[in-house]
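Read the structure below first, then the notes.
The values are calculated or read from the model by the stated rules, or taken from the named source; none is laboratory data. What you see is a predicted model; the values in this text were computed from it and never measured. So basically every Cβ, Gly included, is an ideal-geometry build from the backbone, and we count neighbours across all protein chains shown. SASA here: full protein model, heavy atoms, side chains in, ligands and nucleic acids out. Shrake-Rupley method; radii C 1.70, N 1.55, O 1.52, S 1.80 Å.
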Protein chains: 2
Amino acid sequence: MSKVVSKPTVHDIARVAKVSLATVDRVLNGRSGVREKTIDKVNAAIRELGYVRDTSAANLARQRQYSFTFVLPEGPSQFVDTIREALRDAYASQIADRVTLNVISVPTHDPHAIVRKLLSLDVSGLDGIALVVPETPQIRDLVARLKRAGVAVIALSSDLPNSERDYFVGVDSVAAGRTSGLLMGKFAPETGEILVVTNSMRARDSLERRLGFDQVMQTSFPQLKVLPTIESFDDPARMEELVYGMLLRKPRLVGLYSMGSGNLAVLRALRRSARSAELSVIVHELTPPTRAGLLSNEIDAVIAQNVGHLVRSALRVLRNLSDNLPIFEAQERIRIEIVMRENLHHPS
Amino acid sequence: MSKVVSKPTVHDIARVAKVSLATVDRVLNGRSGVREKTIDKVNAAIRELGYVRDTSAANLARQRQYSFTFVLPEGPSQFVDTIREALRDAYASQIADRVTLNVISVPTHDPHAIVRKLLSLDVSGLDGIALVVPETPQIRDLVARLKRAGVAVIALSSDLPNSERDYFVGVDSVAAGRTSGLLMGKFAPETGEILVVTNSMRARDSLERRLGFDQVMQTSFPQLKVLPTIESFDDPARMEELVYGMLLRKPRLVGLYSMGSGNLAVLRALRRSARSAELSVIVHELTPPTRAGLLSNEIDAVIAQNVGHLVRSALRVLRNLSDNLPIFEAQERIRIEIVMRENLHHPS
DNA sequence: GTTGATTTGAGGTACGTTCCTCATTTATAC
DNA sequence: GTATAAATGAGGAACGTACCTCAAATCAAC
């Protein structure tokens, strides 16, 4: 085998461009005090050699440390637990190299408390923040304040479209709702009624999912009658009774679409009614209960997002924003996953 | 903000464990000549400090260069093109840092030619090889020979289960077939016939997909009659005529399952027959034609694998095998993706 | 052509790790 | 207790890049 030609280094650039190492460095790192002509010479050498910066060495020398904060809703939530786990995983791999993470919990339904807690945050050394919070005027103000302090701000999972956030990492909820609609239309018989439930329509997610769902149902499956959304207001007992009641009172039901969390209660109602077999059931988020529901054939499909991808994407975006680097949008688009019994990946 | 406590380094370990840097290094890199007691002392210090090796610095110092070869089928193939593209993408990111890639093409259907080409390969500097080839006795011999030469060997996308390959990176074809079956059963009406086509049943993939498909159809949807597989033997014109003929002669068809490539011809036959609307169509691999088929509603679902994930996984596995490191199986399991019109991600 | 500003060069140190060498200490066997 | 082997220490060079200082060269304007 021919001798392995090692990758060109800054020294090679200097030699080929007939300039000093210092000048190469100035060009490479965009420092001032170099003539246009010289910059061109260096760039020509870079192209000629096919030089690519060794990021390992650069990071080592730069001693760049990123400080990011993730703001997650407090209280027990499978989704948040999964995010935490994915953060730990990312930490273990090289994706979170040189970042110090700070995860804080905030009360979900009290925007003032959220803002109070976040205002107490010391922002001086902070490079970026990822927010999983509902959009309110207070939050919008907070985002503006963070931006003024020079902090990169991204909305994670749930967008803050009217704020000054730099980026949104998450799935398109309307498209997710459309996907559910398409599946429901194909799964359910030609005619009948569809029950739609969520814990709260105040959540942007649920609103948008319903919007997408309705778009597809109206245009592609008009014979199916989609009932008004039932809300549990985050009360599992209430959810169970509401769903159970509908299952008793509506004999023409052929489908059930659960847009929010609280699927344990939904499943319980379904089981009590013994109508599971005749209904097409579609829910969101892959969690232990929904996973079990798939395996027991009580749930036909779960619409999920890949949380590992979500978190890795958030870290990449925050890093690039902190360094004023461009974001590779195609890589950061989070897929809408359709999970059914047979493509459910069992945890090792 | 309190002063950022910098991460512990090997020097800190030496200090805490009261040993020299050299000993820490010996323990860290598994070199011999250290007493059990001393190893324990060092490991205790590592745990106490929460030390994690700085991979950037380690890679830099190690100057480890990986040399991998990917063996892909030659000839125009959307799937192979996608792999090539994914390899380029991986190269651009840090995942392929310090690896020199060599991609070679081999004639798909001539095992002897494959082996001849691979035998001419200089194996001396090679760390690993990823094979996308059908399993034959010649290939099995080749794998054994490569293993003897100390090369890490993985099967990519299509397994070589009876060879000595170190690992298989790809989806479980039986599970993919089961997923297709489940979707077909839910999409199609209660009774009718299902047409199954492929380019070649000699390919392990098609065999396994059919197996999984039948499993689900027989147990869960026995009222649907699945017809014997039709083979085109890689001839698009033949494929089109065969499918078109079946569409004319079989009025009770309610579904079409295409297990192999050559979906352009399948779609053409479907269009000519004008029976597209009454059939549930499920195909494999997301390619320009299948993508177009989804958008035009001629295809109901595409079963796909994430090729980017596939390639990144292959690189990680090859790297770990070369270094005798364990493989994090959960991360390397390739998902079976269900893609429909509404969760199709449009290229930016 | 001199002045003053701008551009370039030379050389060094640092990042955290790996991987040497050689000297010294400690344990083991008789 | 001595001979020998095994374990440990001390120190340094290297990987490729970033970033610093200070001197030297080049340029522009008059």
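Applying the set (1) away from chain A (no Cβ under 13 Å); (2) more than 16 Å from DNA strand D (Cβ to nearest atom); (3) within 35 Å of the chain's Cα centre (by Cα) to B:Ala86 leaves exactly one unmet item: (1).
Restricted to region B:172-187, and to residues there that are touching a residue at least 60 places away in the same chain (Cβ under 8 Å) and surrounded by fewer than 24 Cβ atoms within 10 Å (Cβ to Cβ), the residue that is farthest from the chain's Cα centre (by Cα) is B:Phe187.
Of the residues making up region B:188-229, those that are among the hydroxyl-bearing types (Ser, Thr, Tyr) and either within 14 Å of chain A (Cβ to nearest Cβ) or open to solvent by 40 Å² or more (accessible area, probe 1.4 Å) (or both) are B:Thr191, B:Thr219, B:Ser220.
From the set of residues in region B:84-107 that are away from DNA strand C (no atom under 16 Å from the Cβ) and charged (D, E, K, R), which is modelled with the lowest pLDDT? The residue in question is B:Asp89. Does A:Ala152 fit the bill of being more than 19 Å from A:Ala330 (Cα to Cα), touching a residue at least 24 places away in the same chain (Cβ under 8 Å) and assigned by TED's automatic domain parsing to the domain that holds A:Phe328? Yes: the conditions hold for A:Ala152.
Taking only region B:5-33 into account, find how many residues are open to solvent by less than 50 Å² (accessible area, probe 1.4 Å), more than 9 Å from DNA strand C (Cβ to nearest atom) and small (Gly, Ala, Ser).
We begin by selecting, within region B:5-33, every residue open to solvent by less than 50 Å² (accessible area, probe 1.4 Å); these are B:8, B:10, B:12-14, B:16-17, B:19, B:22-24, B:27-28.
This time we only want the ones that are more than 9 Å from DNA strand C (Cβ to nearest atom), so: B:14, B:16-17, B:19, B:23, B:27.
From what's left, small (Gly, Ala, Ser): B:14, B:17.
Final tally of qualifying residues: 2.
Somewhere in region B:181-192, is a residue among the basic types (Lys, Arg) and outside the structural domain of B:Ser258 (by TED's automatic domain parsing)? Scanning region B:181-192 turns up no residue that is among the basic types (Lys, Arg) and outside the structural domain of B:Ser258 (by TED's automatic domain parsing). With respect to the conditions (1) of a type in the set (Gly, Ala, Ser); (2) buried (at least 20 other Cβ atoms within 10 Å of the Cβ); (3) more than 16 Å from DNA strand D (Cβ to nearest atom), B:Ser56 lacks only one, and its number is (3).
Could we say that A:Ala44 is modelled with pLDDT of 90 or more, away from DNA strand D (no atom under 16 Å from the Cβ) and farther than 29 Å from A:Arg316 by Cβ here? Walk me through how you get there before you give the answer.
Details: modelled with pLDDT of 90 or more: yes; away from DNA strand D (no atom under 16 Å from the Cβ): yes; farther than 29 Å from A:Arg316 by Cβ: yes.
So A:Ala44 passes the test.
Restricting attention to region A:34-83, the residues that are away from DNA strand C (no atom under 16 Å from the Cβ), assigned to a loop (DSSP other than H, G, I, E, B) and in contact (Cβ under 8 Å) with a residue 12 or more places away in the chain add up to 6.
For region B:258-276, a residue qualifies if it is buried (at least 24 other Cβ atoms within 10 Å of the Cβ), touching a helix residue (DSSP H, G or I) at 6+ places or on another chain (Cβ under 6 Å), touching a residue at least 40 places away in the same chain (Cβ under 8 Å) and not β-branched (Val, Ile, Thr), and the qualifying residues are B:Ser258, B:Met259.
Any residue at all in region A:240-258 that's out of contact with any Gly (no Cβ under 8 Å at 6 or more places or on another chain), part of a loop (DSSP other than H, G, I, E, B) and among the acidic types (Asp, Glu)? Checked against the condition, which is being out of contact with any Gly (no Cβ under 8 Å at 6 or more places or on another chain), part of a loop (DSSP other than H, G, I, E, B) and among the acidic types (Asp, Glu), region A:240-258 yields no hits at all.
Residues that are under 19 Å from A:Ala301 (Cβ atoms) and among the basic types (Lys, Arg), at least 2 per element: which strands (runs of 3 or more DSSP E) completely within region B:265-347 meet that? Don't jump to the end; show me each part of the working.
Values: elements: B:280-284, B:301-305, B:336-339.
Because the criterion is at least 2 residues that are under 19 Å from A:Ala301 (Cβ atoms) and among the basic types (Lys, Arg), no strands (runs of 3 or more DSSP E) in region B:265-347 meet it.
Does region A:11-23 contain at least one residue that is closer than 30 Å to A:Val106 by Cβ, more than 13 Å from DNA strand D (Cβ to nearest atom) and more than 14 Å from chain B (Cβ to nearest Cβ)? No: region A:11-23 contains no residue that is closer than 30 Å to A:Val106 by Cβ, more than 13 Å from DNA strand D (Cβ to nearest atom) and more than 14 Å from chain B (Cβ to nearest Cβ).
One residue is enough: does region A:99-119 have a residue meeting the conditions more than 12 Å from DNA strand D (Cβ to nearest atom), aliphatic (A, V, I, L, M) and closer than 30 Å to B:Leu121 by Cβ?
No.
Going through B:Ser322, B:Ser232, B:Ser280 one at a time, which residue ends up being farther than 22 Å from B:Val171 by Cα, crowded, with 18+ Cβ neighbours inside 10 Å and within 14 Å of another protein chain (Cβ to nearest Cβ)?
Details: B:Ser322 fails: within 14 Å of another protein chain (Cβ to nearest Cβ); B:Ser232 fails: within 14 Å of another protein chain (Cβ to nearest Cβ).
Of the residues listed, the single one that is farther than 22 Å from B:Val171 by Cα, crowded, with 18+ Cβ neighbours inside 10 Å and within 14 Å of another protein chain (Cβ to nearest Cβ) is B:Ser280.
Can you tell me which residues in region A:145-187 are of a type in the set (D, E, K, R) and either assigned to a helix (DSSP H, G or I) or at the interface with another protein chain (Cβ under 9 Å from one of its Cβ atoms) (or both)?
Of everything in region A:145-187, those that are of a type in the set (D, E, K, R) and either assigned to a helix (DSSP H, G or I) or at the interface with another protein chain (Cβ under 9 Å from one of its Cβ atoms) (or both) turn out to be A:Arg145, A:Lys147, A:Arg148, A:Arg178, A:Lys186.
With respect to the conditions (1) touching a Leu at 6+ places or on another chain (Cβ under 7 Å); (2) touching a residue at least 12 places away in the same chain (Cβ under 8 Å); (3) hydrophobic (A, V, I, L, M, F, W, C); (4) open to solvent by 40 Å² or more (accessible area, probe 1.4 Å), A:Val115 lacks only one, and its number is (4).
Being surrounded by fewer than 20 Cβ atoms within 10 Å (Cβ to Cβ), within 26 Å of A:Val52 (Cβ to Cβ) and away from every other protein chain (no Cβ under 14 Å) is the requirement here; does B:Val103 meet it? It is true that B:Val103 is surrounded by fewer than 20 Cβ atoms within 10 Å (Cβ to Cβ), within 26 Å of A:Val52 (Cβ to Cβ) and away from every other protein chain (no Cβ under 14 Å). Just so you know, in region A:62-77 the residues that are within 14 Å of another protein chain (Cβ to nearest Cβ) and open to solvent by less than 80 Å² (accessible area, probe 1.4 Å) include one that is farthest from the chain's Cα centre (by Cα), and it is A:Arg64. A search for C-beta distances below 6 Å between a residue of region A:277-298 that is modelled with pLDDT of 95 or more and any residue that is among the hydroxyl-bearing types (Ser, Thr, Tyr), counting only pairs 6+ apart in sequence or on different chains, returns A:Ile282/A:Ser180; A:Ile282/A:Tyr257; A:Val283/A:Ser258; A:Val283/A:Thr290; A:Glu298/A:Ser276.
The one condition from (1) within 16 Å of DNA strand D (Cβ to nearest atom); (2) open to solvent by 50 Å² or more (accessible area, probe 1.4 Å); (3) outside the structural domain of B:Val123 (by TED's automatic domain parsing); (4) within 34 Å of the chain's Cα centre (by Cα) that B:Tyr91 does not meet is (3). Among (1) buried (at least 18 other Cβ atoms within 10 Å of the Cβ); (2) over 27 Å from the mean Cα position of the chain (by Cα), where does B:Lys250 come up short? With (1) buried (at least 18 other Cβ atoms within 10 Å of the Cβ); (2) over 27 Å from the mean Cα position of the chain (by Cα) applied to B:Lys250, the lone miss is (1).
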